[in-house]
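Engineer: Sending over a structure as structure tokens; questions will come in a sec.
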Amino acid sequence: MIITRLPQPPLRVNISPMKNGQAQVAEIFLDSRMRLVCPPELIPAPGQYLLAHASFSDDPLADPVFFSDSAPEGFVAAPGLPWTPGTKLNLRGPLGHGFAIPASARKVALIAFDDSPERMRGLIPIAFKLGAEVVLVSDVAAQDLPEAVEVQPLQALDEIIQWADFAAFDVARENLPRLAKKLGTGNQLPAQILIRAPMPCGAVAECGVCAVNIHNEWKLICKDGPVFEF
Ligand code: FES
């Protein structure tokens, strides 16, 4: 896998139908996740995202918001967001392609390669519903996981890859070469990967900032991803 950025093409406006709505930050947890209250049609699936702007903020860039867990009247968003309780948000989305665990999966590995595993927490109940075992691989601790989830450090990655029949990864774009090197070329495990990168326009202007080269093809993370077949 070769990962580089596309040269920046001129901005093109290409507005597609999308849902807009409002939300409010209801509470912030100790692990920095936050519970958002929002209309049900705006709740993203695991791996999908919303673009969110705080009302009255003069920051021109929206923040990508990823699902972490279910919650009454909204959902719990993954960490990394800058707001405080009570902040009102303008949302656009859900955007992009999320994870889809194959129905045949019975040994699911969730691998947070370089950050919090919280963007993959929403896959745990889906995997359990399929009757699968779940191992979470991460060097960042996650609170209040179901007891049935086994947690392993990244050091155990090779062993878990041997065990799993499906893997979901979460990795920053700049760390893709490191992950590809770690996995090697002989790995045939069915896998999907959430690639994180700045997504300033969320596919509206095709700015190219989120471009990534996957299997020798240029893709836009905001539109073709952020979850890709790996
Ligand atoms: S094309 Fe602008 S963020 Fe992806």
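The values are calculated or read from the model by the stated rules, or taken from the named source; none is laboratory data. Note that the coordinates shown come from a computational prediction; the quantities given were computed from them, not determined experimentally. FYI the Cβ positions are ideal-geometry reconstructions off the backbone, even for glycines, and counts take in every protein chain you see.
Engineer: In segment 175-208, which residue that is among the small types (Gly, Ala, Ser) and in contact with a helix residue (DSSP H, G or I) (Cβ under 7 Å, 6 or more places away or on another chain) is farthest from the ligand (Cβ to nearest atom)?
Structural biologist: Within segment 175-208, the subset among the small types (Gly, Ala, Ser) is 180, 184, 186, 191, 197, 202-203, 205, 208.
Within this subset, residues satisfying the condition of being in contact with a helix residue (DSSP H, G or I) (Cβ under 7 Å, 6 or more places away or on another chain) are 197, 202-203.
Numbers: ALA197: 8, GLY202: 6, ALA203: 5 Å.
By that ranking, first place goes to ALA197.
Engineer: Can I ask one more? Evaluate the following for ALA172: is it among the aliphatic types (A, V, I, L, M), within 16 Å of the ligand (Cβ to nearest atom) and either assigned by TED's automatic domain parsing to the domain that holds LEU61 or surrounded by fewer than 16 Cβ atoms within 10 Å (Cβ to Cβ) (or both)?
Structural biologist: yes
Engineer: ARG178 is checked against (1) more than 16 Å from PHE66 (Cα to Cα); (2) modelled with pLDDT of 95 or more and fails just one. What number does that condition carry?
Structural biologist: Answer for ARG178: the failing condition is (2).
Engineer: Considering only residues that are of a type outside the set (Asp, Glu), more than 6 Å from the ligand (Cβ to nearest atom) and assigned to a strand (DSSP E or B), which ones fall in segment 212-225?
Structural biologist: VAL212, ASN213, ILE214, TRP218, LYS219 - these are the residues of segment 212-225 that are of a type outside the set (Asp, Glu), more than 6 Å from the ligand (Cβ to nearest atom) and assigned to a strand (DSSP E or B).
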